[in-house]
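To start, the structure itself, in structure tokens.
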Amino acid sequence: MFFVKELTHRILLHPSYFGPQMEKFLENKLYADVEGTCSGAYGYIIAVLSIVDIGQGNVLSGTGQAEFITAYRAIVFKPFKGEVVDGIVGEVNKMGFFVEVGPLNVFVSNHLIDPEMKFDPNSNPPSYASQDQIIERDTHVRLKIVGTRVDATEIFAIGTIKEDHLGVVE
């Protein structure tokens, strides 16, 4: 699910960047440092909406660098157990398949696929097929997240398509 969250980020600035363009450089550095990253506590930081406060810089003794604690608002994506999402199949193998849901990779095990769907190792590309559906690379699917595991810099998820209204989206 997507949220708008107020976060902070610590930026170190080398003395060579002190000057009239320093604030613009700090903004660009914030965008480069945080957009597209994952914080285990908040999820994937999709985009910075606005900078709330750059803060006063503190000069660090010994290095001469300035430290800025910057507050900003960002759109974050954090998946939850029970959430239904749409994605694109990235890889298919006999153990199941991986679905790309934005920056998140969700694994759908063959035990969480409808029993009518069988893995066909001889097809090119490999796929799961039933009478009315085929799941192969680049297929759009709707799945339900049944579990997540959060690391410091990454989120892992497991999904299912075994329930009603889940599976291939046309």
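Quick notes on this one:
- Cβ-based net charge around residue 71, under 12 Å, with every Lys or Arg adding one and every Asp or Glu removing one: +1
- Net charge, residue 58 excluded, C-beta distance under 11 Å - Lys, Arg +1, Asp, Glu -1: 0
- Computed over every Cα-Cα pair of the chain and binned at 10 Å starting from 0, the pair-distance distribution P(r) comes out as 10, 31, 22, 16, 12, 8, 2 percent.
- Under the combined filter of DSSP loop state and at most 15 neighbouring Cβ atoms within 10 Å, the range 22-127 retains these trypsin sites (Lys or Arg not before Pro): 81, 94.
- Calculated from backbone phi, Karplus (6.51, -1.76, 1.60) coupling profile of the range 41-50 in Hz, x at Gly/Pro: 6, 10, x, 7, 8, 7, 7, 8, 7, 7
- The charge dipole of the range 1-60, taken about the Cα centre with unit charges on the Cβ atoms of Lys, Arg (+1) and Asp, Glu (-1), comes to about 80 debye, rounded to the nearest 20.
- In degrees, nearest ten, helix 22-34 long axis to first principal axis of the chain (Cα): 20
- The range 61-170 - share of DSSP beta bridges that are antiparallel (%, nearest 5): 90
- Cross-link partners for residue 24 among the aspartates and glutamates, with Cα-Cα distance under 17 Å and sequence neighbours closer than 8 places in the same chain left out: 33, 35, 53, 67.
- Distance from the alpha carbon centroid of the range 120-137 to that of the range 47-104 works out to 34 angstrom.
- Candidate aspartates and glutamates - alpha carbon under 19 Å from residue 94, same-chain residues fewer than 8 apart omitted: 114, 116, 120, 136, 138
- For the chain: accessible area per residue (Å², 1.4 Å): 59
- Sorting 154-163, 119-128 by average packing, meaning the other beta carbons within 10 Å per residue, from highest down gives 154-163, 119-128.
- Nearby lysines by direct alpha-carbon distance to residue 144 (threshold 17 angstrom, same-chain neighbours under 8 apart not counted): 78, 81, 162
- Qualifying chymotrypsin sites (Phe, Trp or Tyr not before Pro) in the range 31-106, DSSP loop, other Cβ atoms within 10 Å at most 16: 42, 80
- Put simply, the amide H of residue 91, placed in the peptide plane, has neighbours under 5 Å in 98, leaving out anything fewer than 5 places away on its chain.
- Shown for the chain: the carbon plus sulfur share of the solvent-accessible area, taken with all protein chains present and a 1.4 angstrom probe, equals 51%.
The values are calculated or read from the model by the stated rules, or taken from the named source; none is laboratory data. What you see is a predicted model, and the numbers here were worked out from it, not measured in a lab. With ideal geometry, Cβ positions are generated from the backbone for all residues, glycine too; neighbour counts draw on all protein chains shown. Just the protein is used for accessible areas: all its heavy atoms, side chains included, with ligands, DNA and RNA removed. Shrake-Rupley method; radii C 1.70, N 1.55, O 1.52, S 1.80 Å.
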